[in-house]
């Protein structure tokens, strides 16, 4: 027999029934302080009122989905207290660094310059610009969890409450969905304090535009014993290289996002495992639900399809960041501390920050280039053996892009590319196909 969870004499199943009975009969209330604590909000009246209004909107909404505006609102609420606008002096310094970075890159790569001006962003601006992508990525997981929460609750309810279940289903979906959206907002707000640029996590969240976050670059520079202007210039080169690559290889961004969404849509909740987890939850304590959401307990082991998608993601990220590493190293060779900065950046990307780990727990996906060093070595060997032009030409078409096997054996890749009867014909054909596609595509005004 289950032990009571507190001094009330009620076990967990009885508490669930009693809570839903009261809510459905109109005699129960949601404790705003408990929900605010579960959402990670301060317990002041304004924050509690805001959360309750969001919850009420979610419960009463006629749309069958999660209101991701809650995630944006939560993230902006948190970042506005820490987000700093660059000073005129900082803008001048970073604009100068971006200008020099573009010139240095012209010397080491044939991939053309950007057609849009790089911008300096605050943390709040980064949140606003990137939240649509995070919501798109998290939605399959959030929907699966809220559906499973509702289904398990249906199975646990006694027969006498079956006729009243409609209201409970909406309420539970509202609570679960609201807490998930607010948690996503917290994670994205935390990410906004860690990223130093638009392409910092490997995926071009801002599409083809380069962006730097001066406030975070300053924080990144603290304690490194490296002149801050050198760090800013190195990161500017890296960011522009990243943005140039995705503008040049227009198929690349969609390829990455497709692999990421394939992974996310492959997540399904194991109902038996879900029930086991909920058995230990106190249904009157939303904070336990919050902790379960952010712990990754609800995320099942990866399926074979997900493992294949993850392998594609990791290979693409490694190829992207390996190439960026190589051209950035070549472009910044005149910086006295470039090697030290590069090693710091590589270690940072390999380990990820606290916010990135929290995001991985929330949706079950790590966006890390696990084979970054090997991929960089491959790009270096190709460039040294065949020249930067042929190295960069491999981004002209997805069929030309090196594979995981090529990362393992770059010399075999060089040998294949050196064959005039195979490699050059393939490159010419791929470029011809790309130009034909570009002619058929409507041009931007």
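Details
- Among 250-256, 215-221, sorting by the average number of other beta carbon atoms lying within 10 angstrom of each residue, highest first, gives 215-221, 250-256.
- Ranked 191, 103, criterion: other C-beta atoms within 10 Å, fewest first: 103, 191
- Note on 242, 248: ascending count of other Cβ atoms within 10 Å places them as 248, 242, the fewest first.
- Note on residue 333 and residue 370: their simple-model spin labels are 3.4 nm apart, each label 7 Å out from Cα toward Cβ.
- Put in line by how crowded their Cβ is, counting other Cβ atoms within 10 Å and starting with the fewest, 334, 119 read 334, 119.
Coordinate-derived values only; no laboratory data. Source: prediction; values computed, not measured. Using ideal geometry, Cβ is built from the backbone for each residue, glycine included, and neighbour counts are taken over all protein chains shown.
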